[in-house]
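Trainee: Encoded as structure tokens, here's the structure I'll be asking about.
Coordinate-derived values only; no laboratory data. Everything quoted here is computed from the prediction, not taken from an experiment. Cβ coordinates were reconstructed from backbone atoms using ideal geometry, including for glycine residues, and neighbour counts include every protein chain displayed.
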Amino acid sequence: MKKYQLFIGGKFCDAVDGQTRFTYNPATEEPIAEVPVAKREDAKRAIEAARKAFDSGVWSNMSVRERAKVLYRVIERLKEKEQELATLEAMDAGATIRKTSMMDIPVGIEHFRLLVELAERIPTYEPLPWIDFPYVSWNFVNREPIGVCAGIIPWNFPFMMTVWKVAPALVMGNTVVLKPASDTPLTALEFAKCAAEADLPEGVLNVVIGSGAEVGHELCTNPMVDKVALTGSTETGKTVMKLCADTIKKVTLELGGKSPTIILEDADLDVAVDGALFGTFFHAGQVCESGTRCFVPSSIYDRFMERMLERVKHIKIGDPLDFDTTMGPVVSLAQYKTVTGYIELGKQEGARLLCGGKRPDGFEKGYFVEPTIFDNVSNKMRIAQEEIFGPVLAVIRYDDVDEAVRMANDSIYGLGGAVFSRDIPKAIEIAKRIRTGTVWINDYHLINALAPFGGYKQSGVGRELGPHGLLEYTQVKHIHVDLVMDRSKKFWYDYIFND
């Protein structure tokens, strides 16, 4: 069994007190690696290393192009380990090898490359209009790194989330302390190895595994940390925001969702049904923007549901390391209990269980849950309002589009959503009315690294990816240059002198 260490100040090391724990394969419930359990003192060490590296200028004073050269070396090293990372991600997170080898790892690496390339095109100098009152001056805006950035990532997409937190922060000149989820830290630690092998300067990236109560709390309250970026639940986001308030840290929060999929009457049923199922059951529903509320018009409801219940049978549950498997387990026993608890709640609320709702036959081990579909759902039910984060779809009937949009927006969340229709202009108009950060039309889950990603309402603060996401990792400084340099003409100085 492989044993991992923390990555602090360019070196791999054990936790101060030597404590370790095992990580487990959620498909087999067997241990796969031993990892350190960091405490507050370890987090402080990592923060100090990041602060020292930033303040030294070894990274922050480089040009974007110079930093990009180093990061391209990291990317090449990640590419060399692509298959190894895909297998590790499948074992650690319960993701299918089909997904990790075709999407999670290669797309994550591509996101890294695109973000670095994009940063090279974003100007750090922005001229302002010339002014001649009271005298001519030259004014411009300089974009500068923020400083030490903490990244706190979830367990659902460990490698992708590592890229999303590390790549933009580093390329814009910051240093990073990354806290992976305790259940799924392995690809983040492998990422650190690749960074070390690519000669990233010491202290620029640090990876510390530990609890939110110990490591997370220190990252949010330590005054040497300038920014915290979190992907996680809305409740965790509220806690992080409160903790960061005491030191007025900049925050980026990508939080929960209960995203709507609106099917229009003219939708292509093959595209719409498969799109709605993909929107929900991709990665066993453990995706923040999953389309877990599906609004279907009464006029096509029966045909749509008949097709959906036939197509859901083609989702194959099994060993995540088998390429034929299309859906694996949820990540942990705790998540399994959460998901199955919501399924029981749906029944109690009066929703009708159409399929799934239990552990699949033949799977005595592992945290597997069948794809579950409810209809006869009211949008006010808890299974339609609360984030379940599992393979559970609530189908809601509607009679007119305005009603569908109203129900879609009747949520504390606003992360993702979709509209399925052959009438693209109409679909775009509806998309504009849905109060979410991303809306797909005739598709789902395809995230563009050059476009902003984030939420409305309680789904988050700020944006990741694209130029908007990169600029979240910069400070804006206005510089004013006097071009007169003649004391006799600086009459405003005389406001404080009487001579």
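Trainee: By a straight-distance test (C-alpha under 25 Å), which lysines pair with Lys490 as possible cross-link partners, with residues fewer than eight away in the same chain excluded?
Mentor: Straight-line reach from Lys490, under 25 Å: Lys477.
Trainee: Arrange Trp138, Trp492 by Cβ neighbour counts within 10 Å, fewest through most, would you?
Mentor: Final ranking by Cβ density, sparse to dense: Trp492, Trp138.
Trainee: From the residues Phe420, Leu78, Ser101, which one has its Cα farthest along the dipole of the chain in the positive direction, the dipole being from +1 and -1 charges on Cβ of Lys/Arg and Asp/Glu about the Cα centre?
Mentor: Toward the positive end, the furthest listed residue is Leu78.
Trainee: Once amide H atoms are built 1.01 Å from N in the peptide plane, which residues 5 or more positions from Thr20, or in another chain, come under 5 Å H to H?
Mentor: Result for Thr20 returns Val37.
Trainee: Hey, another quick one. Once amide H atoms are built 1.01 Å from N in the peptide plane, which residues 5 or more positions from Leu393, or in another chain, come under 5 Å H to H?
Mentor: The list, which skips near neighbours in sequence, is Thr372, Ile373, Phe374.
Trainee: So for the pair Glu403, Asp494, with labels modelled 7 Å out along Cα→Cβ, what separation do we get in nm?
Mentor: Simple spin-label model gives 7.6 nm for this pair.
Trainee: Here's something else I'd like to know. Whole-Hz Karplus ³J(HN,Hα) for segment 134-149, in order, using 6.51 cos²θ - 1.76 cosθ + 1.60 and θ = phi - 60°, x for Gly and Pro?
Mentor: With coefficients 6.51, -1.76 and 1.60, one gets x, 9, 5, 9, 9, 10, 8, 10, 10, 9, 10, x, 6, x, 8, 10 Hz.
Trainee: When the chain is fully extended, how far beyond the present Cα-Cα distance does Asp274 get from Lys365, taking 0.36 nm per residue of separation?
Mentor: 29.9 nm
Trainee: How many nm separate the modelled label positions at Asp132 and Glu84, each set 7 Å beyond the Cα in the direction of the Cβ?
Mentor: About 6.5 nm, to one decimal.
Trainee: Right, another one. Measuring from label point to label point, each 7 Å out along Cα→Cβ, what is the Lys337 to Asn376 span in nm?
Mentor: Here the modelled spin labels are 3.0 nm apart.
Trainee: Right, another one. Hey, what's the per residue convex hull volume over the C-alpha atoms of segment 49-95, in cubic angstrom?
Mentor: 102 Å³
Trainee: So what is the diffusion coefficient of segment 260-441 in µm² per second by Stokes-Einstein at 4 °C and 1.567 mPa s, using a Kirkwood Rh over Cα pairs?
Mentor: Value of D from the Cα-based Kirkwood radius: 79 µm²/s.
Trainee: What percent antiparallel are the DSSP beta bridges of the chain, to the nearest 5?
Mentor: The antiparallel fraction comes to roughly 45 percent.
Trainee: Calculate how many DSSP beta bridges within segment 260-441 are antiparallel, expressed in % of all such bridges and rounded to the nearest 5.
Mentor: Around 15 percent antiparallel, to the nearest 5.
Trainee: A further question follows. May I ask you to evaluate 6.51 cos²θ - 1.76 cosθ + 1.60, the Karplus curve with θ = phi - 60°, for each residue of segment 34-39 and list the ³J(HN,Hα) values in order in whole Hz, giving x for glycine and proline?
Mentor: 10, 10, x, 10, 6, 10
Trainee: Which residue, chosen from Leu309, Ala284, Thr261, occupies the Cα position most advanced towards the positive end of the dipole of segment 260-441, where the dipole is computed from +1 (Lys, Arg) and -1 (Asp, Glu) charges on Cβ about the Cα centre?
Mentor: Ala284
Trainee: Just one of (1) 28.7; (2) 21.9; (3) 27.4 is mean projected area of the Cα convex hull in nm² calculated from these coordinates, so which is it?
Mentor: The calculated read-out lines up with (3).
Trainee: Between segment 59-137 and segment 210-250, how many Å separate their Cα centres?
Mentor: 23 Å
Trainee: Sticking with this one: Set the Förster radius R0 to 41 Å, insert the Cβ-Cβ distance between Asn142 and Ser233 as r into 1/(1 + (r/R0)^6), and round the FRET efficiency to 0.05.
Mentor: 0.65
Trainee: To continue, here is another question. List the aspartates and glutamates whose Cα sits under 19 Å from the Cα of Lys81, skipping any in the same chain fewer than 8 residues away.
Mentor: Glu89, Asp92, Asp104, Glu110, Glu190, Glu197, Asp199
Trainee: Work out the length of the dipole vector of segment 260-441 about its Cα centre, built from +1 on the beta-carbon of each Lys and Arg and -1 on the beta-carbon of each Asp and Glu, and round it to the nearest 20 debye.
Mentor: With only Lys, Arg, Asp and Glu charged at Cβ, the dipole is about 420 debye.
Trainee: Determine, for each peptide in 378-388, 259-269, 424-434, 461-471, the mean count of other beta carbons within 10 angstrom over its residues, then list the peptides with the highest first.
Mentor: Values: 378-388: 18.4, 259-269: 22.6, 424-434: 15.5, 461-471: 19.9.
Descending packing order for the listed peptides: 259-269, 461-471, 378-388, 424-434.
Trainee: Would you grab the residues whose amide H sits under 5 Å from the one on Val176? Only those 5+ places off in sequence or on another chain, please, with H modelled 1.01 Å from N.
Mentor: Cys149, Leu205, Asn206
Trainee: Ranked highest first by the average count of other Cβ atoms within 10 Å around their residues, in what order do 198-208, 412-422 fall?
Mentor: Top to bottom by mean Cβ count within 10 Å: 412-422, 198-208.
Trainee: Please report the antiparallel percentage of DSSP beta bridges with both residues in segment 346-455, rounded to the nearest 5.
Mentor: Once the DSSP bridges in segment 346-455 are tallied, antiparallel ones form about 40 percent.
Trainee: Calculate for the chain the 222 nm mean residue ellipticity that helices alone would give, adding -39,500 (n - 2.57) per DSSP H run of length 4 or more and normalising by residue count, nearest 500 deg cm²/dmol.
Mentor: My calculation for the chain gives -11000 deg cm²/dmol from helical runs alone.
Trainee: Calculate the FRET efficiency for Ile32 and Glu66 from the Cβ-Cβ distance with a Förster distance of 45 Å, rounded to the nearest 0.05.
Mentor: Approximately 0.75, to the nearest 0.05.
Trainee: Pop out the ³J(HN,Hα) list for segment 13-22 in order, Karplus 6.51 cos²θ - 1.76 cosθ + 1.60 with θ = phi - 60°, rounded to Hz; leave Gly and Pro as x.
Mentor: So the J values, rounded to whole Hz, are 8, 7, 5, 3, 8, x, 5, 9, 8, 9.
Trainee: I need the Debye-formula profile for segment 113-218: one equal scatterer per C-alpha, no solvent, reported as log10 I(q)/I(0) at q = 0.09, 0.19, 0.22 1/Å, two decimals.
Mentor: Rounded to two decimals, the profile gives -0.33, -0.96, -1.19.
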